[in-house]
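The next block holds one structure in the form of structure tokens; read it before the comments.
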Amino acid sequence: MLRPKIPTNPTPTGAATPPAVIEPTTIIPSSQTPPPSPVPPAPTRPTVQLTPGALAALVGGGTAVVLVVGAVLVSLLLAVAITGASVAVCAVVVRSLLASEAKRR
């Protein structure tokens with residue numbers, strides 16, 4: 001009923017041309033060397049200086065991020081645990097219903 005259709009590769013139409021032959025050239029060393037190019041000076045960047053206020057803000061922000069991520073992970077773990085417990089309770093109820101149905105017959 002459902003059979004995959006395998007595509008066929010088309011045959012090449014033209015004749016394939018052989019690759020061109022590249023002949024090596026001889027290198028003649030010259031006595032002239034180009035002058036060295038001047039190296040531009042590296043741009044000076046100011047160093048980052050942390051003030052006590054900036055350091056406290058950085059520590060506070062990092063602490064907030066850690067607490068938020070921890071709360072999210074704990075809530076996800078709690079959701080998985082509650083789902084597992086509810087599935088287990090449903091399984092016990094269905095098993096009990098099936099067992100009582102078998103006893104009545």
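The values are calculated or read from the model by the stated rules, or taken from the named source; none is laboratory data. Because the structure is a prediction, the values reported are computed rather than measured. Note: accessible area is taken over every heavy atom of the protein model, side chains too, but ligands, DNA and RNA are not part of it. Shrake-Rupley method; radii C 1.70, N 1.55, O 1.52, S 1.80 Å.
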Please label the shape of the stretch 64-105 as rounded, prolate or oblate, based on the square roots a ≥ b ≥ c of the eigenvalues of the alpha-carbon gyration tensor (a/c under 1.5 means rounded; beyond that, a/b larger than b/c means prolate, else oblate). prolate
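Taking every eigenvalue of the Cα gyration tensor of the chain, multiplying by 5 and rooting it, what semi-axes result, largest first, whole Å?
69, 49, 10
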What residue among Ala81, Ala56, Ala20 shows peak mean-square fluctuation when the chain is described by a Gaussian network model with Cα springs under 10 Å? Ala20
When the chain is treated as a Gaussian network with springs between alpha carbons less than 10 Å apart, the largest mean-square fluctuation among Pro52, Pro38, Pro19 is found at Pro19
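Roll a 1.4 angstrom probe over the protein heavy atoms and tell me the percent of accessible area of the chain that is carbon or sulfur.
In the chain, the share of accessible area belonging to carbon and sulfur is 71 percent.
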How large is the helix-only mean residue ellipticity at 222 nm for the chain, computed as the sum of -39500 (n - 2.57) over DSSP H runs with n ≥ 4, divided by its residue count, in deg cm²/dmol to the nearest 500? -19000 deg cm²/dmol
